[in-house]
Amino acid sequence: MENSDARKLAWALALGTGLIYLAFLPPGIYSIDGNSILAVAESIVTRHNLTVPVGLGIPGRSGQIYSSWYPLQSLLAVPFVMTASFASRLLHIPLHFVAAAFAGVLPAIFTAATVALVALISLQLGSTIQAARRASLCFAAGTIAMVYARTFYADPLLSLLFAVGIYLAFVGSNRAILLASLVGLLAVLAKPPGIFLAPALSTYLLLKKTPARLALTPAIGGGLGLLLYLLYNYLRFVNPLTFGQPWIFSLSSLPEGVAGLLFSPGRGLIWYSPAVLLAIPAFRKAWKTKPIESLLIAGLFLSFLGLHSLYENWNGGWSWGPRYLLPALPGLMALMGLLEGKAAKALLYLSFLGFLVNAPTLISFYERYYAEANEQGVSESQLNWSPLRAPLLHGWGAASREITDARDQDVRELFRQRGTPSETIASSRALRVIAVWWWVLPIAHIPRSVGFACSLVMVVCGCWLLLRVRFRSSAMVEEDLGNRLRSSSLPPTSS
């Protein structure tokens, strides 16, 4: 396929899914991780330093409180916080509230761009344009990617960087490889497990007989990223090895971690992204024509699975499905573009099942069910392993209860309670609203109907763009077939 056709496909997929994701943005950030990452950006804008409020970080140099999470997303959020600073003064609303809503756009953008890259990677593996489009849309709507497009975790950003790195390595030009070295650097700053990307890309390039001086540039980029991160940690904590969560890794955690991340009712990848069940036949098909490319994708997935299985907190706390495996999903889903016939139909069915599992998180905070289970005394082990307690079975019910509570609440009154500590669902602001951005517009004296209309327009435009990809894809294939027939010595036969 011509490069221009690939670019048109990628833009349509990114814009279409991006508009739909933006239509369902939440009104704020629930997780401590996300609020801490955003607090760094707020501090840069308002105080010109890196400190964060108590409760969102840990003590560091000179007794100051610093975020223990990752720097890249904080830096990328700075322009959004600057815009939010102006809007908050205009609307007379506290900065953090507006900044959370504005910065929430970032994960949606990251995920939409990743959707496009899934299609481009699939094309590099040898899929047809229709199959590449199918694989990318199954990633967009049938996996946990849809869920985390509405959060402020660092995982959507790392997913994008992994997809960019894989695509650039597959392109293989000198310019693409140099860009891949930059991506390797950024991946480490996005989240420490991103260190796997750079050496994996260099290994792939060496296996492809790329000159060593060029093939090793991604590894050098990853090394520079690690040095920058160590320096960042030293400046804040004196100890350069203070990364994110505590380093609690153990070989004894490996069996439970592997089983939990892949198969457990509470976190298992096959339940929350069931399309990955087809990863093995897709890999076998890719192996026949692109063995080294398929090894790169499989190697990154197994590296992430192995690392996070060794981590005692492999479940990721209050996460929906296996959040830690999200960065490895774009590559796996790109392999699905090689499926044909019954396997391709099975991909659609499994992705639709994944959509049904994940869809309640489009209108509610998935943490609502965890909060309910916590109040009922349900243990973490039960949430991970009990089929009857699995979040996927209770997502719709929790969303329904959150909507019911929201109907009885005045969001302006909830907003005035922002200084009150939240220890229960009854006292929580976030868990008693419909978790879409336009629901809280009355706080800014804007009717909800205006926001709802905007969301509806975005969904319609997004669907139109995605349907247009389908029609253009068919036209491209017919044109390509016609060109091939005309260039052949045999006359085209009638159908």
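For Phe283, indicate whether it is of a type in the set (Phe, Trp, Tyr), farther than 30 Å from Ile65 by Cα, surrounded by 16 or more Cβ atoms within 10 Å (Cβ to Cβ) and not assigned by TED's automatic domain parsing to the domain that holds Leu393.
Here the answer is yes, as Phe283 does meet what is asked.
Per this entry, Ala14 is counted among residues that are within 30 Å of Gln130 (Cβ to Cβ), crowded, with 21+ Cβ neighbours inside 10 Å and not basic (Lys, Arg).
Would you be able to say whether some residue in segment 279-302 is touching a residue at least 24 places away in the same chain (Cβ under 8 Å), closer than 22 Å to Leu383 by Cα and among the aliphatic types (A, V, I, L, M)? The answer is no, given that none of the residues of segment 279-302 is touching a residue at least 24 places away in the same chain (Cβ under 8 Å), closer than 22 Å to Leu383 by Cα and among the aliphatic types (A, V, I, L, M).
It is to be established whether one or more residues within segment 341-361 are in a loop (DSSP other than H, G, I, E, B), among the aliphatic types (A, V, I, L, M), free of Cβ contacts under 8 Å to residues at least 12 places away in the same chain and out of contact with any helix residue (DSSP H, G or I) (no Cβ under 6 Å at 6 or more places or on another chain). It would help to see each step written out before you state the result.
Just the residues of segment 341-361 that are in a loop (DSSP other than H, G, I, E, B), to begin with: none.
The answer is no, given that none of the residues of segment 341-361 is in a loop (DSSP other than H, G, I, E, B), among the aliphatic types (A, V, I, L, M), free of Cβ contacts under 8 Å to residues at least 12 places away in the same chain and out of contact with any helix residue (DSSP H, G or I) (no Cβ under 6 Å at 6 or more places or on another chain).
When Gly266 is tested against (1) in contact (Cβ under 8 Å) with a residue 12 or more places away in the chain; (2) part of a helix (DSSP H, G or I), exactly one condition is not met: (2). Restricting attention to segment 379-413 and to residues that are over 18 Å from Gly354 (Cα atoms) and either in the same structural domain as Leu269 (by TED's automatic domain parsing) or hydrophobic (A, V, I, L, M, F, W, C) (or both), the residue that is surrounded by the fewest Cβ atoms within 10 Å (Cβ to Cβ) turns out to be Leu388. Residues of segment 118-173 that are hydroxyl-bearing (Ser, Thr, Tyr) and either assigned to a helix (DSSP H, G or I) or outside the structural domain of Phe301 (by TED's automatic domain parsing) (or both): Ser122, Ser136, Tyr148, Ser159, Tyr167. Summed over segment 205-255, the residues that are of a type in the set (Ser, Thr, Tyr), surrounded by fewer than 16 Cβ atoms within 10 Å (Cβ to Cβ) and assigned to a helix (DSSP H, G or I) give a count of 2.
Return yes when Gln73 is on the phi < 0 side of the Ramachandran plot and touching a strand residue (DSSP E or B) at 6+ places or on another chain (Cβ under 6 Å) and no when it is not. The answer is no for Gln73.
In segment 194-204, the condition of being within 19 Å of Val469 (Cβ to Cβ), in a helix (DSSP H, G or I) and out of contact with any Lys or Arg (no Cβ under 6 Å at 6 or more places or on another chain) is met by no residue.
Within segment 6-31, the residues that satisfy the criterion of being within 19 Å of Trp69 (Cβ to Cβ) and either hydroxyl-bearing (Ser, Thr, Tyr) or not in a loop (DSSP other than H, G, I, E, B) (or both) are Tyr30, Ser31.
The values are calculated or read from the model by the stated rules, or taken from the named source; none is laboratory data. Owing to the predicted nature of the structure, the values given are computational and were not obtained by experimental measurement. We place every Cβ from the backbone using ideal geometry, glycine too, and count neighbours over all the protein chains shown.
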